[in-house]
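Q: Below are the structure tokens for one structure; questions will follow.
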Amino acid sequence: MARQEGQETETGGKRLGPATVAIHAGPAERRPGAPVVAPLVRSSTFHWSSPADGGELLYTRYGNNPSQASLGAKLAALEGAEAALALASGMAAISMTLLAATEAGDHIVSSRYIYGATHTLLAHELPRRGVTTTFVDPIDPASWDAAVTDRTKVVYVELPTNPALRVFDVEPARRAADRAGAILAADVTFATPVNFRAAEHGVDAVLHSATKYLGGHSDLIAGTVAGSRDLVAGVAKMMKLYGPSIDPEAAWLLDRGLRTLPARMERHNRSAHELAQWLAEAEGVRAAIHPGLPSHPDHAVARRLLTGCGGMVSVILEGGGRAADKFCSGLELAAPAPSLGGVETLVSQPRYTSHAGLTLAEREAAGIPDGFVRISVGLEDVEDLKADFARALSLAGD
Ligand SMILES: *Cc1c(COP(=O)(O)O)cnc(C)c1O
């Protein structure tokens with residue numbers, strides 16, 4: 001079947017570290033002459049005539065093409081999960097998981113602070129298929145228990161949140177899911193498996209937009225789901241029917257990106273923290289937001305839950321929307337563009353992108369006043385980024 005099982009991630013009884021797993025997990029042929037890097041297999045179909053041929057029927061829409069299969073094995077090993085599957089996009093991973101977990105009459109409890117398309121899926125699309133969602137404030141630990149019913153099949157969280165970078169304990173959501181007999185699903189795109197060990201925190205369905213940090217180079221669209229063999233088999237069944245399998249070339253590129261994920265995250269974590277500290281003191285900046293700063297409301301939770309505070313930083317500029325426009329257009333290294341998680345530094349204003357559908361009052365209530373700029377801190381030299389930001393801040397203040 002399309003699901004892929006995790007490889008051995010131990011040598012001599014010792015558990016391998018994430019940087020080693022990111023490079024070596026997955027099948028590796030070591031005979032002389034074998035390629036060190038697994039080749040990209042583009043074939044849509046594979047020789048097979050009857051069950052007498054043995055093995056499973058391979059077909060690229062089934063997600064079991066060798067380039068897709070070896071990626072699934074590596075993802076499972078990285079997440080510390082039984083199985084994992086890559087799909088055509090983050091939204092494909094999220095929607096196929098929700099379709100697999102629910103049927104008409106079922107109910108979902110979700111954090112209110114989630115990716116825009118996921119919100120639309122839960123609030124407007126799934127209700128057309130008889131599945132309803134109650135949205136709750138994830139910062140209030142009592143909200144989960146109050147919202148679950150005996151029809152709840154999924155408890156859904158995203159962390160850290162976008163763009164306020166809130167971090168909250170998943171334990172209350174886990175307990176509510178247990179009480180309802182539901183699965184806990186978490187979109188941990190912003191954290192990555194390097195900064196948050198979701199499966200170890202009781203997350204049943206670990207979801208990522210691999211378009212972001214996992215790919216890491218802003219050159220592919222993909223999504224992943226990891227969990228138990230049964231859960232991943234259920235998602236693979238939906239993928240086979242609805243069709244959003246990952247293209248082999250994207251799978252191959254994603255595998256390449258994963259090999260440097262732990263190394264990249266170490267630097268994203270360090271650079272974002274340093275830049276956040278610098279921005280907090282910079283002229284024209286009202287507030288810098290990063291879970292690694294003691295001023296962040298969830299600093300203590302983040303230190304307990306995360307092994308790194310991530311590469312995202314948000315700022316609120318003193319001069320409001322006009323200053324933010326000037327700041328973004330004044331940058332020479334960092335570039336205004338939506339999306340995140342690549343080697344290059346990107347900036348965006350949520351009022352034009354993720355939160356364009358809200359009124360100013362609604363955005364202010366969500367902690368996103370005009371003047372709010374989200375920064376995906378890339379891997380450039382931090383001193384160069386500071387110089388670029390200093391120049392753009394001085395233009396914004398004029
Ligand atoms: C980008 C993103 C998604 C959607 O991923 P795609 O790969 O664009 O489909 C989902 N969740 C989060 C948190 C994201 O940042």
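Q: In the set 376, 354, which member is within 21 Å of the chain's Cα centre (by Cα) and surrounded by fewer than 23 Cβ atoms within 10 Å (Cβ to Cβ)? Break it down into steps so the answer makes sense when it comes.
A: Values: 376 fails: surrounded by fewer than 23 Cβ atoms within 10 Å (Cβ to Cβ).
Matching residue, one of 376, 354: 354.
Q: Right, here's the next one. Taking only the stretch 85-99 into account, find how many residues are buried (at least 22 other Cβ atoms within 10 Å of the Cβ), among the aliphatic types (A, V, I, L, M) and either in a helix (DSSP H, G or I) or away from the ligand (no atom under 16 Å from the Cβ) (or both).
A: Counting residues in the stretch 85-99 that are buried (at least 22 other Cβ atoms within 10 Å of the Cβ), among the aliphatic types (A, V, I, L, M) and either in a helix (DSSP H, G or I) or away from the ligand (no atom under 16 Å from the Cβ) (or both) gives 5.
Q: Next question, about the same structure. Suppose we filter 396, 390, 323 for residues that are surrounded by fewer than 18 Cβ atoms within 10 Å (Cβ to Cβ) and either without any contact (Cβ under 8 Å) to a residue 40 or more places away in the chain or of a type in the set (A, V, I, L, M) (or both); which single one remains?
A: Checking each option against the conditions leaves just 390.
Q: Give me the residue from the stretch 15-71 that is in a helix (DSSP H, G or I) and among the charged types (D, E, K, R) and, out of that set, surrounded by the most Cβ atoms within 10 Å (Cβ to Cβ). Reasoning before the result, please.
A: To start, the set of residues in the stretch 15-71 that are in a helix (DSSP H, G or I) comprises 18-24, 51-53, 60-62, 66-71.
Now narrow it down to the ones that are among the charged types (D, E, K, R): 53, 61.
Details: 53: 9, 61: 16.
Top of the filtered list is 61.
Q: Quick check on the stretch 140-157: of everything there that is open to solvent by less than 10 Å² (accessible area, probe 1.4 Å) and not polar (S, T, N, Q), which residue is nearest to residue 315 (Cα to Cα)? Steps first, please.
A: Step one: list which residues in the stretch 140-157 are open to solvent by less than 10 Å² (accessible area, probe 1.4 Å), which gives 144, 152, 154-157.
So of that shortlist, the ones also not polar (S, T, N, Q) come out as 144, 154-157.
Working: 144: 30, 154: 33, 155: 31, 156: 27, 157: 24 Å.
Ranking the qualifying residues of the stretch 140-157, first place goes to 157.
Q: Oh, and also: Any idea which of 197, 151, 174 is within 24 Å of residue 20 (Cα to Cα), more than 16 Å from the ligand (Cβ to nearest atom), touching a residue at least 24 places away in the same chain (Cβ under 8 Å) and not assigned by TED's automatic domain parsing to the domain that holds residue 340? Working first, answer last.
A: Numbers: 151 fails: within 24 Å of residue 20 (Cα to Cα); 174 fails: within 24 Å of residue 20 (Cα to Cα).
After applying the criteria, what remains is 197.
Q: Taking residue 263, is it at pLDDT 95 or above, surrounded by fewer than 24 Cβ atoms within 10 Å (Cβ to Cβ), closer than 20 Å to residue 342 by Cα and among the aliphatic types (A, V, I, L, M)?
A: yes
Q: While we're looking at this one, here's another question. Search the stretch 84-111 for residues that are in the same structural domain as residue 141 (by TED's automatic domain parsing) and farther than 23 Å from residue 251 by Cα and pair each with any residue that is within 9 Å of the ligand (Cβ to nearest atom) and at pLDDT 95 or above when their beta-carbon atoms are under 7 Å apart and the residues are at least 6 apart or on different chains.
A: Listed pairs, sorted by first residue: 111/158.
Q: Can you tell me which residue in the stretch 241-254 is farthest from residue 41 (Cα to Cα), limited to those that are touching a strand residue (DSSP E or B) at 6+ places or on another chain (Cβ under 9 Å) and in a helix (DSSP H, G or I)? Spell out how you get there, then give the answer.
A: Initial filter on the stretch 241-254 (touching a strand residue (DSSP E or B) at 6+ places or on another chain (Cβ under 9 Å)): 244-246, 250-251, 254.
Pick out the ones that are also in a helix (DSSP H, G or I) and you get 250-251, 254.
Working: 250: 11, 251: 10, 254: 14 Å.
For the stretch 241-254, the residue satisfying everything is 254.
Q: Counting only residues that are within 22 Å of residue 299 (Cβ to Cβ) and more than 16 Å from the ligand (Cβ to nearest atom), how many does the stretch 110-141 have?
A: Residues in the stretch 110-141 being within 22 Å of residue 299 (Cβ to Cβ) and more than 16 Å from the ligand (Cβ to nearest atom): 4 in total.
Q: If the requirement is being under 30 Å from residue 386 (Cβ atoms), of a type in the set (Gly, Ala, Ser) and modelled with pLDDT of 95 or more, which of these qualifies: 223, 227, 243, 215? Walk me through it before giving the result.
A: On the way: 223 fails: under 30 Å from residue 386 (Cβ atoms); 227 fails: under 30 Å from residue 386 (Cβ atoms); 243 fails: under 30 Å from residue 386 (Cβ atoms).
When all the criteria are applied, what remains is 215.
Q: OK, next. Residues 338, 248, 297, 291: which one is within 16 Å of the ligand (Cβ to nearest atom), at negative phi and surrounded by fewer than 20 Cβ atoms within 10 Å (Cβ to Cβ)?
A: Values: 248 fails: within 16 Å of the ligand (Cβ to nearest atom); 297 fails: within 16 Å of the ligand (Cβ to nearest atom); 291 fails: surrounded by fewer than 20 Cβ atoms within 10 Å (Cβ to Cβ).
The unique qualifying residue is 338.
Q: Any chance you could count how many residues in the stretch 100-116 are part of a helix (DSSP H, G or I) and modelled with pLDDT of 95 or more? Write out each step before concluding.
A: Taking the stretch 100-116 first, the residues part of a helix (DSSP H, G or I) are 100-101, 116.
With the extra rule that they be modelled with pLDDT of 95 or more, the set shrinks to 100-101.
Result for the stretch 100-116: 2.
The rows are residues; the columns are (1) among the acidic types (Asp, Glu); (2) within 16 Å of the ligand (Cβ to nearest atom); (3) not assigned by TED's automatic domain parsing to the domain that holds residue 214.
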site	(1), (2), (3)
278	no, no, yes
283	yes, no, yes
303	no, no, yes
311	no, yes, yes
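Q: With the requirement that a residue be open to solvent by 10 Å² or more (accessible area, probe 1.4 Å), within 11 Å of residue 341 (Cβ to Cβ) and more than 10 Å from the ligand (Cβ to nearest atom), what does the stretch 206-229 give you?
A: 217, 218
Q: While we're here: Looking at the stretch 126-137, which of the residues that are assigned to a helix (DSSP H, G or I) and touching a residue at least 12 places away in the same chain (Cβ under 8 Å) is least open to solvent (accessible area, probe 1.4 Å)? Quick ask: steps written out before the conclusion?
A: Going through the stretch 126-137, the residues assigned to a helix (DSSP H, G or I) turn out to be 126-129.
Add one more test, that the residue is touching a residue at least 12 places away in the same chain (Cβ under 8 Å), and what stays is 126, 129.
On the way: 126: 5, 129: 113 Å².
The residue in question is 126.
Q: From the list 81, 76, which one is buried (at least 20 other Cβ atoms within 10 Å of the Cβ), more than 16 Å from the ligand (Cβ to nearest atom) and not in a helix (DSSP H, G or I)?
A: On the way: 76 fails: not in a helix (DSSP H, G or I).
Result: 81 is the single residue among 81, 76 that is buried (at least 20 other Cβ atoms within 10 Å of the Cβ), more than 16 Å from the ligand (Cβ to nearest atom) and not in a helix (DSSP H, G or I).
Q: Can you tell me which of (1) open to solvent by less than 60 Å² (accessible area, probe 1.4 Å); (2) in contact with a Gly (Cβ under 8 Å, 6 or more places away or on another chain) is the one residue 280 doesn't meet?
A: Residue 280 satisfies every listed condition except (2).
The values are calculated or read from the model by the stated rules, or taken from the named source; none is laboratory data. The structure presented is a predicted model; accordingly, all values stated were derived computationally and were not measured. When we count neighbours, we look across all protein chains shown, and the Cβ atoms used for this are built from the backbone with ideal geometry, even at glycine. Accessible surface is based on the protein model in full, side chains and every heavy atom, while ligands, DNA and RNA are left aside. Shrake-Rupley method; radii C 1.70, N 1.55, O 1.52, S 1.80 Å.
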